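Everything below concerns the one structure shown next.
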Amino acid sequence: MVLIIESPLEMVEGETISYSITWQGADSVSEPTAVIYKGGEDITATAMPGTHTVSGNIQSLPALTCGTADGGLVYVVVVQALVDGNTERRKFNIKIVKDEAE
């Protein structure tokens with residue numbers, strides 16, 4: 001589990017990571033969702049299939065797998081949940097790097 005603290009994050013082509021969002025100060029978190037965009041296209045169904053879970057104020061996203069030829073691209077992740085009765089959304093970027101990148 002990787003907690004999101006800042007953006008952008010980095011992933012290596014073909015890597016799979018499960019991210020978690022901490023809704024700081026929240027008493028109640030429900031109805032978690034997220035959408036992954038690559039070049040403005042929604043790739044959620046293929047890049048992050050699965051079910052979100054919530055434990056306390058932590059939302060765990062399904063495992064995200066980036067494409068094996070996506071080095072140099074940026075994924076935009078939009079996370080949403082019902083937090084203490086309010087629909088809240090947060091966005092972070094993931095920079096995809098090639099194996100051989102420095």
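Computed values, structure above
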{"read-out": "Which listed residue is in contact (Cβ under 8 Å) with a residue 60 or more places away in the chain and of a type in the set (S, T, N, Q), from Ser7, Ser18", "value": "Ser7"}
{"read-out": "The range 32-43, subset without any contact (Cβ under 8 Å) to a residue 24 or more places away in the chain and assigned to a strand (DSSP E or B), residue farthest from the chain's Cα centre (by Cα)", "value": "Glu41"}
{"read-out": "Condition check for Val29: farther than 21 Å from Pro8 by Cβ, hydrophobic (A, V, I, L, M, F, W, C) and in contact (Cβ under 8 Å) with a residue 12 or more places away in the chain", "value": "yes"}
{"read-out": "Matching residues, the range 44-63, being in a loop (DSSP other than H, G, I, E, B), touching a residue at least 24 places away in the same chain (Cβ under 8 Å) and under 21 Å from Ile96 (Cα atoms)", "value": "Leu61, Pro62, Ala63"}
{"read-out": "Candidate set: the range 71-102, residues that are outside any strand (DSSP E or B) and of a type in the set (A, V, I, L, M, F, W, C); chosen: the one nearest to Val12 (Cα to Cα)", "value": "Ala101"}
{"read-out": "Single match in Glu102, Glu13 (criterion: surrounded by fewer than 14 Cβ atoms within 10 Å (Cβ to Cβ), at negative phi and over 12 Å from the mean Cα position of the chain (by Cα))", "value": "Glu102"}
{"read-out": "Among (1) of a type outside the set (Asp, Glu); (2) within 18 Å of Pro8 (Cα to Cα); (3) buried (at least 16 other Cβ atoms within 10 Å of the Cβ), the one test that Gln59 misses", "value": "(2)"}
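Taken together, the values in this text are just the output of simple stated rules run on the coordinates, not laboratory data. The structure displayed is predicted, hence computed values, not measured ones. Methodologically, a virtual Cβ is constructed for each residue, glycine included, from the backbone with ideal geometry; neighbour enumeration extends over all protein chains shown.
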